[in-house]
Amino acid sequence: ILGEHLRICPQGYTCCTSEMEENFANKSRSEFEAMMKEAGRSVQAILTAQHRSFDSYFQDLLNKSEKALYDAFPSLYGELYTQNAKVFKDLYSELRRYYRSSNINLEEALNEFWTRLLERLFKLLNPQYHITDEYLDCMVKHAEQHKPFGEVPRELKLKATRAFIAARSYAQGFLVGSDVVRKVSQVSLSQECTRAIMKLMYCPHCRGMASVRPCNNYCLNVVKGCLANQADLSTEWKYLMDSLMGVADRIDGPYNVDTVIGTIHMRIAEAISNLQENKDSITSKVFQGCGNPKINTKGSSSEDKKRRGKVTLEAKSSAQALEMLVLDAKGNLTALKTYWITLPSSLCSKKVMASSVSDDKCWNGMTKGSYLPEVMGDGLANQINNPEVEVDITKPDMTIRQQIMQLKIMTNRLGNANIGNDVDFQDTSDDMSGSGSGDSCPDDVCGKRLSKSPSTRQPETHAIPKQSGHGVSGASSRSLPSASLLLLLSVAVIAPQHLWR
């Protein structure tokens, strides 16, 4: 029949009524959105699997260290352990809470552990004296000077803080990446895109050419126009992938989590041994600074005397497992770097089933033949002359711009984790591509930075998804922007297109 009634397809002779055309338009829209979600789910699956693998490995390291402590310390230390078991349990609980993104200052948690342990052990090692809480306060003030646990607290704080910051940011990075893909894949097609997709996929049916495949370049122009905003994710997406790979190298290198996390119990045992071995000289120094405490008339147990001496604990290394985890992650991250740029060609070849580039008997939007217009570039700014889709380049999609901001925030967090530093929201909003080498940050400098900054507190950003059943909760010492303010920020940042990078 004559096609004068058609509103999308060419108005020559047609097989379609107005109702059929409308049905095809709805069908093409739902099919294309399903294609987007399916492509996104495959990426989400990869990122989620990487997170799950690392999370399981890291939690297992902590569990094994804690179990080794619970198994060995009762026989090694007797009352020194049994009367202070909660101190050790609380430490591992705090470490887990920090890793799961609770509002924990890791340095303060470690300092609190050593303080509580020193107070308890000092009383147990000196049972002949009546030691009051006030006396313990005095002793703690002098602890830094006397170093009762040797260098263990300082070294463990530096190494554990770096390792935990890197591990937490690394695990978060996979979740943020997956969450960004999920949200972006749910963005609906515009009315102009619905018409263009319909014309691409089903107008051949209305012309009696159901078996003719769309021209490849024609398909690319349609899909690039419809996914122009998504393509603008590419720059920040690549930075996120690169930053994750940079932190992966740290986790399996200078901040080796296997060495640090898997040996926490050994370092605690070493610290206790230092205290036992130097008990007399440390006690003498404390007495000099705080005065002689009263003699305890009740008598005391001398069990601690039986348990002196250097303690040696073994740690079962899982370095090979960590190396394999990192290699697998880096392979997947490398493959995903170009996801947003290659998505149009992937959809055209695998889903739309477009013809080969050289085919001159394909559907070109009007009839069977060759397709002459050039293929547009990637991203919103390059669609100004798209011959197939009318794209308003002055109106970027706000959902996608929000996700670009979240990629930027997470990349900056990873970049700071790469140098052993954690940051709050105000720091991450700066224009910083992240992923510094960290080689210019010697131990003493990083140590000072970590010890003086409240940066180990986790910032609250609305797009970081839940991890292991725990969301990012609490707030840092500064007030943080709401989701609506973040949206306004993203608009302000992206208004001039070139400012994004």
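Amide H to amide H under 5 Å from H130: which residues, 5+ apart in sequence or cross-chain, H placed 1.01 Å off N in plane?
Close amide H contacts, sequence-distant or interchain: K294, I295, N296.
Take the eigenvalues of the Cα gyration tensor for region 157-239, scale each by 5, and report the square roots as semi-axes in whole Å, largest first.
Equivalent ellipsoid of region 157-239: 44, 11, 11 Å, largest first.
What ranking do 378-391, 324-337 get when scored by the average of other Cβ atoms within 10 Å per residue, highest first?
Packing order, densest peptide first, comes out as 378-391, 324-337.
Considering the dipole of region 81-173 built from charges on the beta carbon (Lys and Arg +1, Asp and Glu -1) around the Cα centre, which of T132, L156, L117 is farthest to its positive end?
Toward the positive end, the furthest listed residue is L156.
I want the local charge near M35. Using Cβ-Cβ distances under 13 Å, sum +1 for each Lys or Arg and -1 for each Asp or Glu among the other residues.
+3
Could you run the Karplus curve 6.51 cos²θ - 1.76 cosθ + 1.60 with θ = phi - 60° over region 238-255 and give me ³J(HN,Hα) per residue in whole Hz, x for Gly and Pro?
Result, rounded to whole Hz: 4, 4, 5, 4, 5, 5, 4, 5, x, 5, 4, 5, 5, 4, 9, x, x, 9.
Which length gain, in nm to one decimal place, applies between Y13 and D90 when the Cα-Cα distance is subtracted from 0.36 nm times their residue separation?
Values: separation 77, 0.36 × 77 = 27.72 nm, distance 7.81 nm.
Separation in residues times 0.36 nm, less the Cα-Cα distance, equals 19.9 nm.
So, R0 is 45 Å and r is the distance between the beta-carbons of Q145 and Q320; what FRET efficiency does that work out to, to 0.05?
0.60
Nothing charged except the Cβ atoms of Lys and Arg (+1) and of Asp and Glu (-1): what's the magnitude of the dipole of region 83-143 about its Cα centre? Round to the nearest 20 debye.
Charge dipole, region 83-143, about its Cα centre: 340 debye, nearest 20.
Quick one: net charge around L343, please, counting Lys, Arg +1 and Asp, Glu -1 for every other residue with C-beta under 11 Å from its C-beta.
+2
How many angstrom lie between the C-alpha centres of region 335-376 and region 245-290?
If we compute the Cα centre of each part, the gap is 60 Å.
By how many nm would the segment from E4 to K350 lengthen if fully extended, with 0.36 nm per residue of separation less the alpha-carbon distance?
121.2 nm
Please report the accessible area of S284 (heavy atoms, 1.4 Å probe, ligands and nucleic acids excluded) in Å², nearest 10.
We get 50 Å² for S284.
Using θ = phi - 60° and the Karplus curve 6.51 cos²θ - 1.76 cosθ + 1.60, what whole-Hz ³J(HN,Hα) does each residue of region 260-271 get, with Gly and Pro shown as x?
Residue by residue, region 260-271 yields 7, 6, x, 10, 4, 4, 5, 5, 5, 4, 4, 5 Hz.
Please report, as a whole percent, how much of the solvent-accessible surface of region 41-139 comes from carbon and sulfur atoms (probe radius 1.4 Å).
In region 41-139, the share of accessible area belonging to carbon and sulfur is 49 percent.
What is the distance, in nm, between label points placed 7 Å from the Cα along the Cα-to-Cβ direction at N111 and at I295?
Result: 3.9 nm between the two label points.
What are the residues whose amide H is under 5 Å from the amide H of R213, where those residues sit 5 or more places off or on another chain and H is modelled from the backbone?
So R213 has HN proximity to W363.
For T132 and A335 in the same chain, what is the full-extension length gain: residue separation times 0.36 nm, less their Cα-Cα distance, in nm?
Contour length minus the Cα-Cα distance gives 66.9 nm.
Taking just the alpha-carbon atoms of region 239-298, what radius of gyration and Dmax come out, in angstrom?
Cα-based Rg and Dmax for region 239-298 come out at 21.6, 67 Å.
Under the Karplus relation 6.51 cos²θ - 1.76 cosθ + 1.60, θ = phi - 60°, what is the ordered set of whole-Hz ³J(HN,Hα) values for region 30-40, x standing for Gly and Pro?
5, 5, 5, 5, 5, 4, 4, 5, 5, 4, x
What percent of all Cα-Cα pairs in region 1-130 falls in each 10 Å bin, counting up from 0?
With a bin width of 10 Å, the distribution comes to 10, 21, 17, 11, 9, 8, 9, 7, 5, 2, 1.
Over region 72-204, give the accessible area per residue in Å² for a 1.4 Å probe, as an integer.
On the way: 4930 Å² over 133 residues.
The answer is 37 Å² per residue.
Please list Y70, Y57 in order of solvent-accessible area, largest first, computed with a 1.4 Å probe with all protein chains present.
Y70, Y57
Solvent-accessible area of D55, probe 1.4 Å, all protein chains present, reported in Å² to the nearest ten, please.
20
The values are calculated or read from the model by the stated rules, or taken from the named source; none is laboratory data. If you're wondering where the values come from, they're calculated on a predicted model, not measured in any experiment. Ideal geometry is used to build each Cβ from the backbone, glycine not excepted, and the neighbour counts take in all protein chains shown. Side chains included, ligands, DNA and RNA excluded: accessible areas come from the protein's heavy atoms. Shrake-Rupley method; radii C 1.70, N 1.55, O 1.52, S 1.80 Å.
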